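Novice: Before I ask anything, here is the structure I am working with.
Bear in mind that the values in this text are calculations on the coordinates, not laboratory data. In this text the structure is predicted, and so the values were computed from the model without any measurement. All Cβ positions, even for glycine, are placed from backbone atoms using ideal geometry, and neighbour counts span all protein chains on display.
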Amino acid sequence: MFEPVKFYGNLSEGIVNQIMQAVNNGEFKPGDKLPAERDMCIMFSVSRTVVRDALKMLVGLGVITIRHGMGAYINEVDGTEDVSRLASLLQISRGTVEELFQVREVIESQAVIWCTQNANEQDLRLLQHIVRKGKEVGDAGGESKLAILDAEFHLKIVEAAGNRVLLRLMINLLDLLGENRARALMVPGRQRLSVLEHETIFEAINQRDPELAHQRMLSHLANVREAIQSVEPVPAQEEWE
């Protein structure tokens, strides 16, 4: 069921992603017990500290409950409630745009790996269509249409990854970033670069190269973040008030 965590990023997050995917796929059902910590250390090829950090994250997400002396058990997971709870936590903490992008990087860098592994031919055709439309709109200079296509591209990747909870959370994040995303596309040259970066991400997905897709997604998001910072983005807390 599980495999050693590949060092695409944070090891604990890699474990969380595998367990959440197993829950989403029905391999784990509510009430099921997770393997013991020592067994997970062997399965994931990590230390006990890494496993414990992953379990803490899963508790925070509401995916598991730890019963002392008994182990960790899968909760009844409602994706909508989980996302609402996470969105509420973001609002309560009044996180900055920088913090929202950190969350987005965690979600999309993993989602693009799963997309590369799980996308079917229809998913690939739709992604290619969005990229082509982006080129056409970019050449015509349509910022508003390009912003819509940008959201469609990123949401389609998360959808093709096959994790419904991540998809709902991604929708919330794009909403929270709101005006800042559109303003980033107004930075001179950003529209053209965004289209080109989407194309390179799609090429990596189409080649079924998860590591390359992961690297290109992180590079793209870093560039978008830099563009947003250059136009003095609206603070996230103002959007939530």
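Novice: At what distance in nm do the modelled label points of Glu199 and Glu211 sit from each other, each positioned 7 Å from its Cα along Cα→Cβ?
Specialist: 2.6 nm
Novice: Give the long-range amide H neighbours of Phe28: residues separated by 5 or more places, or on another chain, with amide H under 5 Å away, using H modelled in the peptide plane at 1.01 Å from N.
Specialist: Those lying under 5 Å, H to H, from Phe28 are Val23.
Novice: Rounding to the nearest 20 debye, state how big the charge dipole of region 11-74 is about its Cα centre with +1 on each Lys and Arg Cβ and -1 on each Asp and Glu Cβ.
Specialist: In debye, rounded to 20, region 11-74 gives about 200.
Novice: Explain nothing, just compute: Karplus ³J(HN,Hα) = 6.51 cos²θ - 1.76 cosθ + 1.60, θ = phi - 60°, for every residue of region 27-38 in order, whole Hz, x for Gly and Pro.
Specialist: 6, 10, 10, x, x, 5, 9, 6, x, 4, 3, 5
Novice: Cα gyration tensor of region 11-74, axes a ≥ b ≥ c as square roots of the eigenvalues: rounded (a/c below 1.5), prolate (a/b > b/c) or oblate?
Specialist: rounded
Novice: Using a simple spin-label model with points 7 Å from Cα along the Cα→Cβ vector, what separation in nm is obtained for Glu76 and Ser47?
Specialist: Once both label points are built, they end up 3.9 nm from each other.
Novice: So, one more: Would you list, by chain and number, the lysines whose Cα falls below 18 Å from the Cα of Lys33, excluding same-chain residues fewer than 8 positions away?
Specialist: Of all the lysines, those that pass the test against Lys33 - Cα under 18 Å, at least 8 places apart if same chain - are Lys56.
Novice: Next up: Pull up all non-local amide H partners of Ile64: gap of 5 or more, or a different chain, and H-to-H distance under 5 Å with H placed in the peptide plane.
Specialist: The list, which skips near neighbours in sequence, is Val59, Asn75.
Novice: If the cut-off is a Cα-Cα distance under 25 Å, which lysines reach Lys135, setting aside same-chain residues fewer than 8 apart in sequence?
Specialist: Lys145, Lys156
Novice: Another question about this same structure. Taking other Cβ within 10 Å of each residue's Cβ, how do Ser109, Ser194 sort, fewest first?
Specialist: Lowest to highest Cβ neighbour count: Ser109, Ser194.
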